[in-house]
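Undergrad: One structure, pasted below without further comment.
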Amino acid sequence: MALEESMVPRGCSFRPTDDELVGYYLMNKATGCPCPDLAMILEYDFLGDKEPWEIWNLFQPCIFRYWDAHHEDLYFFTKLKKSNPRGKRICRKVGSTGGTWKGQDSGSEVYDDLSKQVIGLKKRFQYQKAKTEEDDEEDDGVSWIMFEYCLAGSLAMINIDYVLCQIRKKFPTQHNHKINMYTNISYMQ
């Protein structure tokens with residue numbers, strides 16, 4: 001799929017609920033069902049050799065061409081990587097610097113809106129840089145948040161290794177950023 005095909009058109013936004021992310025997008029991907037809306041969620045080795053800001057810079061301008069970079073999240077299907085082939089622990093190290101996605105909670109259940117059944121699990125992670133003497137990347141106080149969605153219960157047996165990841169670029173103070181964004185607008189006279 002070409003990136004140009006998957007960008008959000010002007011005037012539209014992509015803000016799916018947790019229920020939609022698990023029950024529609026992840027379920028269709030895991031079962032191999034055709035889904036025309038899947039173009040908004042790319043398949044990418046999110047837990048691979050790129051840092052979060054590299055992934056953001058690679059995909060965000062193409063997907064959300066007409067949007068302010070501070071208001072949209074990016075979504076990816078990815079396969080989990082085990083730390084040990086026989087173990088259950090997941091390796092969440094990313095990039096070439098040894099940074100990792102550190103879990104911030106044990107997860108919350110995602111319920112189907114109609115049946116009220118548990119269909120998935122949502123976990124929150126924050127990116128932590130590896131401790132290095134030199135730090136090439138200036139973060140300007142930006143932190144990276146990732147929400148990982150997986151199928152739960154008997155649904156997890158369909159494709160246990162596939163997850164849907166939502167990446168968010170979080171600024172130090174969202175309120176101050178919005179004020180600065182509006183005060184820096186120059187009008188044509």
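The values are calculated or read from the model by the stated rules, or taken from the named source; none is laboratory data. Keep in mind it's a predicted model, so treat the numbers as computed, not measured. Glycine also receives a Cβ, built like all others from the backbone with ideal geometry; neighbour counts cover every protein chain displayed. In case anyone asks, the SASA skips ligands and DNA or RNA and just uses the protein heavy atoms, side chains included. Shrake-Rupley method; radii C 1.70, N 1.55, O 1.52, S 1.80 Å.
Undergrad: I'm trying to understand the selection: among the residues of region 71-111, which are of a type in the set (D, E, K, R), touching a residue at least 40 places away in the same chain (Cβ under 8 Å) and open to solvent by 40 Å² or more (accessible area, probe 1.4 Å)?
TA: LYS79, LYS93, GLU109
Undergrad: I've got another one for you. When the residues of region 119-131 are filtered to those that are touching a Leu at 6+ places or on another chain (Cβ under 9 Å) and either among the basic types (Lys, Arg) or over 30 Å from GLU51 (Cβ atoms) (or both), which remaining residue is surrounded by the most Cβ atoms within 10 Å (Cβ to Cβ)?
TA: We begin by selecting, within region 119-131, every residue touching a Leu at 6+ places or on another chain (Cβ under 9 Å); these are 119-122.
Those left that are additionally either among the basic types (Lys, Arg) or over 30 Å from GLU51 (Cβ atoms) (or both): 119, 122.
Values: ILE119: 23, LYS122: 19.
In this case the residue turns out to be ILE119.
Undergrad: Output the number of residues of region 57-70 satisfying the condition of being at pLDDT below 85, more than 19 Å from GLN126 (Cβ to Cβ) and either in contact with a Phe, Trp or Tyr (Cβ under 7 Å, 6 or more places away or on another chain) or open to solvent by 40 Å² or more (accessible area, probe 1.4 Å) (or both).
TA: 5
Undergrad: Filter region 84-107 down to residues that are within 16 Å of the chain's Cα centre (by Cα) and small (Gly, Ala, Ser) and give me whichever is farthest from ASP161 (Cα to Cα).
TA: Filtering region 84-107 for residues that are within 16 Å of the chain's Cα centre (by Cα) and small (Gly, Ala, Ser), the one farthest from ASP161 (Cα to Cα) comes out as GLY95.
Undergrad: Restricting the search to region 135-189, which residues are in contact with a Ser or Thr (Cβ under 7 Å, 6 or more places away or on another chain) and modelled with pLDDT of 90 or more?
TA: If the condition is that a residue be in contact with a Ser or Thr (Cβ under 7 Å, 6 or more places away or on another chain) and modelled with pLDDT of 90 or more, then VAL163, CYS165 are the ones that fit.
Undergrad: Still on this structure, please answer the following. Does LYS116 fit the bill of being of a type in the set (Lys, Arg) and under 19 Å from the mean Cα position of the chain (by Cα)?
TA: no
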